[in-house]
Amino acid sequence: MGERTLLTNARILTCNGDPVEKPTAGSVLIEGDRIAEVRLDAEFEVDPAAVRVVDLHGATVLPGLGDAHTHISWPLDFVFDHGAVAATPEGKHLLDVAAVAKTYLESGYTLIIGAGATQPDDDLLVKDAIDRGILPGPKLIPCGPMIAEAGGLGADGGMMEVVATAADLREVVRKQCERGVRSLKLFISGDGVVPQFPSEDIYMNDEMLTAAVDEADKYGAFVTTHARGSASVAMAARTGVRIVHHACFLDDEALAALEARHGDVWVCPGLHYLYAMVNGHAGPWGITDEKVVASGYPDEFRSQVDGLHKLKAAGVPILAGGDFGHQWTRHGTYAAELQRYVELVDMTPVEAIHTATRNMGAVTGLRVGQIREGYLADLLIVDGDPSADVTVLQRPELRRAVLKDGAFAYVNPEVYP
Ligand SMILES: [Zn+2]
């Protein structure tokens, strides 16, 4: 039996799937790294000599949050300068990356999925340090360098791995997986922000993606795609890609292909990023209104909001996350994504929270994202009620503590002692 901790006098948001769940008074017994028992509307009788009792004084406890599209390579002061980040001396860069990992944890995030490393081993090195307990940070599904098709978006920048055939791609996937990568990131569409490569461009083909998915599967890894245009989304859906990032444009074919996977494919849109871009938040960093209009992002944003309503109605699971780290979507503001889901996609606050909790458990296969017996005790404790106002999750002063694997991994120094 591991160490036992009782969180008492709590208000528990279990994330059991009810879209209008309200926090219930109760307590959570943790044994080792797991939730041993949850009592709603009831307290435990325990021997304080045998159990560490932590009185939460009515604070809300919910599952730790997750972000499914993470670039820990982008330092806290990142703007848009990928090349400069790639060229930063490795030691300095790794300390920048460590600060980002710590920021995720302190923001209530206990699980992140890598979406592309700028220096090739960023995710792997940081994951190793976190798992050894020498660096504070969330659980991390590591990514390696992104993978582009020769001639396609990203192929010329010197930061991605470039492939031309299914055999090439299989080999790159195999090599990344051998080194420990578990989230592969493939570029299969353009991006309006780079005008020569519009979002409706499509790269790679069914044979290549099928090979990548098959090879990744041998290692318990999965394939994710940058896919903005509808043809690329449809291709990702029909070839077994697990996470479709962006999915800005959805025609009937793309929607049908996603629906046909029956909950076995997840969409991670990066909605707050587009929202911030089209609302001028990047202006102070040189992304002028003219540049935003030239990128086509205003149309892309409207289309993405429309598509998310359709995905929600069709029951295609949606994940939270997306390219946080720019100065206009700063590290630490990750939960803004949930606010956008409430405001723009008509999710209830709890449905929005599900995109960062129970859906993250489902997509990774980890027993996380719910407060439930046998699940890992990865938990967030906040003042206030995020089921009534999801912006509570963005306010550092309301964050009391974060538990990871049953242990207190972050305690807010402004709150304690
Ligand atoms: Zn990204």
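What does a probe at Tyr219 reach in the stretch 160-187, counting residues whose amide N is under 15 Å from the point 7 Å along Cα→Cβ? Of the residues in the stretch 160-187, 161-162, 168-186 have backbone N under 15 Å from the label point off Tyr219. Think of the chain as having a plus end and a minus end, set by charges on the Cβ of Lys, Arg, Asp and Glu; of Ala401, Leu366, Leu258, Ala401 sits farthest toward the positive end of this dipole. With the simple spin-label model, which puts each label point 7 Å out from Cα in the Cβ direction, the Ala49 to Arg302 separation comes to 7.1 nm. Dividing the mean sequence gap of close Cα pairs (under 8 Å, 6+ apart) by how many residues the stretch 65-334 holds gives a relative contact order of 19 percent.
Legend: distances between Cα atoms for Lys185/Lys404; Lys92/Lys139; Lys139/Lys312; Lys102/Lys127; Lys102/Lys404; Lys127/Lys404; pairs beyond 18 Å are Lys185/Lys404; Lys92/Lys139; Lys139/Lys312.
Candidate membrane-span-like segments in the chain, meaning DSSP H helices with Cα atoms spread over at least 15 Å of their own axis and a Kyte-Doolittle mean of -0.5 or above, are 90-106, 206-217, with no membrane implied. Ranked by the mean number of other Cβ atoms within 10 Å per residue, highest first, peptides 39-48, 113-122, 70-79, 240-249 order as 240-249, 113-122, 70-79, 39-48. What a 1.4 Å probe finds exposed on the chain is 51% carbon and sulfur by accessible area, rounded to a whole percent. Computed with every protein chain present, the accessible area of Arg132 is close to 150 Å² [probe 1.4 Å].
State in Å² the accessible area per residue of the chain; use a 1.4 Å probe, count heavy atoms of protein chains only, and round to the nearest integer.
I get 38 Å² per residue for the chain.
For the chain, the Kirkwood radius over C-alpha pairs fed into Stokes-Einstein at 10 °C and 1.306 mPa s yields D = 74 µm² per second.
If only the Cβ of Lys and Arg carry +1 and only the Cβ of Asp and Glu carry -1, the dipole of the chain around its Cα centre is close to 620 debye.
The stretch 1-64 and the stretch 370-417 have Cα centres separated by 12 Å.
Taking every C-alpha pair closer than 8 Å and separated by at least 6 residues, the mean separation divided by the residue count of the stretch 1-56 gives a relative contact order of 43 percent. Under 5 Å between amide hydrogens, built in the peptide plane, is the criterion, and for Ile12 it picks out Thr24, Ala25, Gly26, Val61 among residues at least 5 positions away or on other chains. Over the C-alpha trace of the stretch 280-389, radius of gyration and Dmax come out as 16.3, 53 angstrom.
The values are calculated or read from the model by the stated rules, or taken from the named source; none is laboratory data. All of these numbers come straight from a predicted model, not from anything done at the bench. Heads up, the Cβs are rebuilt from the backbone with ideal geometry, glycines too, and the neighbour counts pull from every protein chain shown. Protein only, heavy atoms only, side chains kept; ligands, DNA and RNA dropped before computing areas. Shrake-Rupley method; radii C 1.70, N 1.55, O 1.52, S 1.80 Å.
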